[in-house]
Amino acid sequence: MRNFIYLYAFVFLLINATRAQNLDCIGDAVEKCHFASHSPKVNLNLEKRADANIDIKYYKLKLEVDPAINFIKGRNVIYFKTANPTNQIQLNLRDELLITGVYSQNYPNIQVDTSIANVFVINFNTTLPANHVDSVEISYNGVPPQTGFGSFNLSRHNNDLDPVMWTLSEPYGAEDWWPCKNSLTDKADSIDIVITCPSGYRVGANGLLISETTVDDKITYYWKHRYPIASYLVAFAVTNYSVYSDTVILKNGPMEILNYVYPEDLSQAKQGTKDLVNVMIEFEDMVGAYPFWKEKYGHAQFGWGGGMEHQTMTFVINYGFELLAHELGHQWFGDKITCGSWQDIWLNEGFATYMSGLAYERIRPIYFRPFLNGIRSSVISQPDGSVYVTDTANVGRIFNSRLSYRKGAYILHMLRWVMGDTKFFEGLKSYTSDTSLAYRFARVYQFREKMEQKLGTSLVGFFDDWYYGQGFPTYNIQYDAPENTFGQLKIRVNQTQSHASVSFYEMPLPIKVFSSSGVDSIIRINNTYNGQLFTIDYPYIVDSIQLDPDIWVLRGNGTTRRETIISTSNQSLSQLGSLYPNPCRDILYLDRLNIGEETFVLSIKNIFGAKVLEERVDSRSKISVSTLPVGLYLVELYRNNESMATFKILKSN
């Protein structure tokens, strides 16, 4: 006889379910839309509540649901392995759900503590040794709360005639509807999902459908998934689906793309998923074999305003090309390798967004440039914003479309430009195939290191500017060349930054040179400081130039103008004079500055790009820096608002 500990005392929390939708679509077409949570701030740091002392091995989740009724009844058998000796384990389930029993086959007198919000602690009557594998079974029921993007949802389709139920647990919502270890540190090695619902409905879920069993007026679906999976990627959906399959020939052989579709949308769905076959083939070529090829890929239609990349079965609102490509891209970036913190959601969303752009480039190239223009326009519509998420309690900030999705995608586009296609795509394959990351979690530094290995040089500065820094540069280009003959082409690059967190964006810039003879070419100049002058021996008569014609660089709307350039600007400091001491303590000296009778402006900025000192200087000047904190500073010399030299100083004790 099973020993269940019945918990009779519980408190139902009444939650205001008012939801303000803020739809914001990616790209220029349709696509992955999202809206902010009705409760955008969470009260706990959910990334730190998971029990680090246990490793989840397996879940067997058995549920009873009716898509017309907002209620869930379930049991979950959880197999776990201890890391250290312990007499308790901690799991996650929202307080709104009633735990009706907890059972352990080996420990009959276990006790359950629910005093921690949305956590339950199972206390055993003995100490479990390290590396001990055991299991517990939790029975529960209730009305799941609505958090994040909804977590557990009921709606209707077909002119409100047919009910549909679905889950969407990203980022923190898994515990809203099932007991689990809800974390970005531990993937279950495998899961079985067994769902019973009224006859006439179908259930879509992760993995392979093993069986359908009808008893009286109910039907039970058994889904089996044998790949590691994060808790937020576990999902199911229930309604009167029509079902059909496409077949794709992958590197490892043929595989089913299984589609659960609202009957009224069947014809539209069939065209969309048919187009996805070629996208999957291209993605395999770009980033490696489809990660779950032993099982399937599939779609289940649901009523939320976009898509969600549930492992092996994406949930989608429709079958648009960009939406399907975006969610398919997540199977590599987000599912096979999952961000190890919501701070690094870019590893999921920025990558999937760029993958949808690559699908355009490979299959529908006419749409690739509009795709880039669309996301660029969105990013530069505001001057600030880092891709790195500092506030993971703010669900709206984690999934900010301008930053996590679009600016994130453009970072990858620029990284591709910096590295070149061969090294960039080799780097992506190296990342997705790394056994220390595959089917596990990753942080941004681990991705950066994989790309550095392919490039052969550091990318720390690139990531400091573009991933952690805010804003973007705007370029104002001057160029000068002989009018009627070939000779030296001079290009001066002046840069301003939209946000003070980045003092200067170092970036190789593509310049298209148009010649009067009709011979045009792209040259690449490595812009490392403001006001930098490039002198190029060009063998044709220059008609005009264009900065970045293929929009590789995320930038504001600057200017390009032809005018006479005096080549003395932006000299090195040694050419202008001397600056000492460096490191300095209280006084910085400029001596023998070769500027004649002119007066320069000296500006000092801190590492965040904020101006901390500015004053006029002449050929011999003494600048007090005694009030500046210890640290590294950027010093620039200006004449008539034009940068003449840029260098760094270290302020010491």
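Laboratory data are not the source of any read-out in this text; all were calculated from the coordinates shown. What you are looking at is a predicted structure, and each value in this text was computed from that prediction instead of being measured. Backbone-built Cβ (ideal geometry, glycine too); neighbour counts: all protein chains shown.
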*Determine the distance separating the Cα centre of region 130-155 from the Cα centre of region 610-634; give it in Å without decimals.*
58 Å
*Net charge dipole size for the chain [Lys, Arg +1 and Asp, Glu -1 on Cβ; Debye, nearest 20]*: 880 debye
*Label point distance in nm, N653-D421, each placed 7 Å from Cα along Cα→Cβ*: 5.5 nm
*How high is the FRET efficiency from V601 to S436, r the C-beta distance, R0 60 Å, rounded to 0.05?*
0.75
*Using the Karplus equation 6.51 cos²θ - 1.76 cosθ + 1.60 (θ = phi - 60°), what ³J(HN,Hα) coupling, rounded to whole Hz, does each residue of region 138-152 give in order, writing x for Gly and Pro?*
10, 9, 7, 6, x, 9, x, x, 10, 9, x, 9, x, 6, 9
_Projected-area average for region 435-514 over all orientations - Cα convex hull basis, square nanometres_ = 8.2 nm²
*Pull out the extension gain between T457 and K274, defined as 0.36 nm times the separation in residues minus the alpha carbon to alpha carbon distance; nm, one decimal.*
61.7 nm
*Taking the Cβ of V601 as the centre, find all other residues whose Cβ is under 9 Å away and add up their charges (Lys, Arg: +1; Asp, Glu: -1).*
-1
*Calculated from DSSP H runs of 4 or more alone, at -39500 (n - 2.57) each and per residue, what is the 222 nm mean residue ellipticity of the chain, nearest 500?*
-5000 deg cm²/dmol
*asked:* Bins of 5 Å, beginning at zero and ending with the bin holding the largest distance: percent of Cα pairs per bin for region 473-562, please.
replied: 3, 14, 26, 25, 16, 9, 4, 2, 1
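On a full-extension model of 0.36 nm per residue, what is the gain between E614 and V630, subtracting their alpha-carbon distance, rounded to one decimal in nm?
Details: separation 16, 0.36 × 16 = 5.76 nm, distance 1.76 nm.
Stretched out fully, the E614 to V630 stretch lengthens by 4.0 nm.
Of the peptides 453-460, 164-171, 183-190, how do they stack up when ordered by the mean number of other Cβ atoms within 10 Å, highest first?
Numbers: 453-460: 13.1, 164-171: 24.2, 183-190: 20.2.
Going by the mean number of other Cβ atoms within 10 Å, highest first, we get 164-171, 183-190, 453-460.
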*Using +1 at the Cβ of each Lys and Arg and -1 at the Cβ of each Asp and Glu in the chain, identify which of I99, I623, G396 lies farthest towards the dipole's positive end.*
I623
*Taking 0.36 nm per intervening residue step and subtracting the Cα-Cα distance, what contour gain separates S381 from T126 on full extension?*
85.8 nm
*Mind checking the angle between helix 368-379 and the chain's longest principal axis? C-alpha axes, 0 to 90 degrees, to the nearest 10.*
80 degrees
_Give the aspartates and glutamates whose C-alpha is closer than 12 Å to that of K60, dropping any in the same chain fewer than 8 places away, or say none._
E137, D189, D192
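How big is the dipole moment of region 473-562 about its Cα centre under a simple scheme where the beta carbon of each Lys and Arg is +1, that of each Asp and Glu is -1, and everything else is neutral? Debye, nearest 20, please.
Details: 7 positive and 8 negative charges, 42 e Å.
Roughly 200 debye, rounded to the nearest 20.
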*Pull up the cross-link candidates among the lysines for K490, meaning alpha carbon to alpha carbon under 23 Å and not fewer than 8 places away within one chain.*
K512
*asked:* Can you work out the Karplus-derived ³J(HN,Hα) for every residue in region 548-555? Use 6.51 cos²θ - 1.76 cosθ + 1.60 with θ = phi - 60°, whole Hz, and x for glycine or proline.
replied: 6, x, 9, 6, 6, 10, 6, 7
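Here are some pairs, K336/K454; K73/K187; K181/K296; K251/K296; K81/K181; which of them have Cα atoms lying more than 18 Å apart in this structure? Before the final figure, lay out each step's value.
Numbers: K336/K454 21 Å; K73/K187 24 Å; K181/K296 25 Å; K251/K296 14 Å; K81/K181 12 Å.
Pairs exceeding 18 Å: K336/K454; K73/K187; K181/K296.
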*Förster radius 35 Å - calculated FRET efficiency between E282 and I522 (Cβ-Cβ, nearest 0.05)*: 0.85
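Two decimals is fine: what's Rg over Rh for region 176-226, C-alpha atoms, Kirkwood radius as Rh?
Details: Rg = 13.1 Å, Rh = 12.4 Å.
My calculation puts Rg/Rh at 1.06.
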*In vacuo Debye scattering of region 241-470, one point per C-alpha: log10 I(q)/I(0) at q = 0.08, 0.15, 0.17 Å⁻¹?*
-0.28, -1.01, -1.30
*asked:* Taking 41 Å as R0, compute the FRET efficiency from the Cβ-Cβ separation of K73 and D391 and round it to 0.05.
replied: 0.70
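List the relative contact order of the chain as a percent without decimals, with contacts defined as Cα pairs under 8 Å and 6+ residues apart. Could you put the intermediate results ahead of the total?
Numbers: 1545 pairs, mean separation 59.6, N = 653.
Computed over the chain, the figure is 9 percent.
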_Which aspartates and glutamates, if any, have their Cα less than 18 Å from the Cα of K218, not counting same-chain residues under 8 positions apart?_
E64, D66, D162
*For region 457-467, what does the Karplus curve 6.51 cos²θ - 1.76 cosθ + 1.60, with θ = phi - 60°, yield as ³J(HN,Hα) per residue in whole Hz, taken in order and with x for Gly and Pro?*
8, 6, 10, 4, x, 4, 6, 4, 6, 9, 8
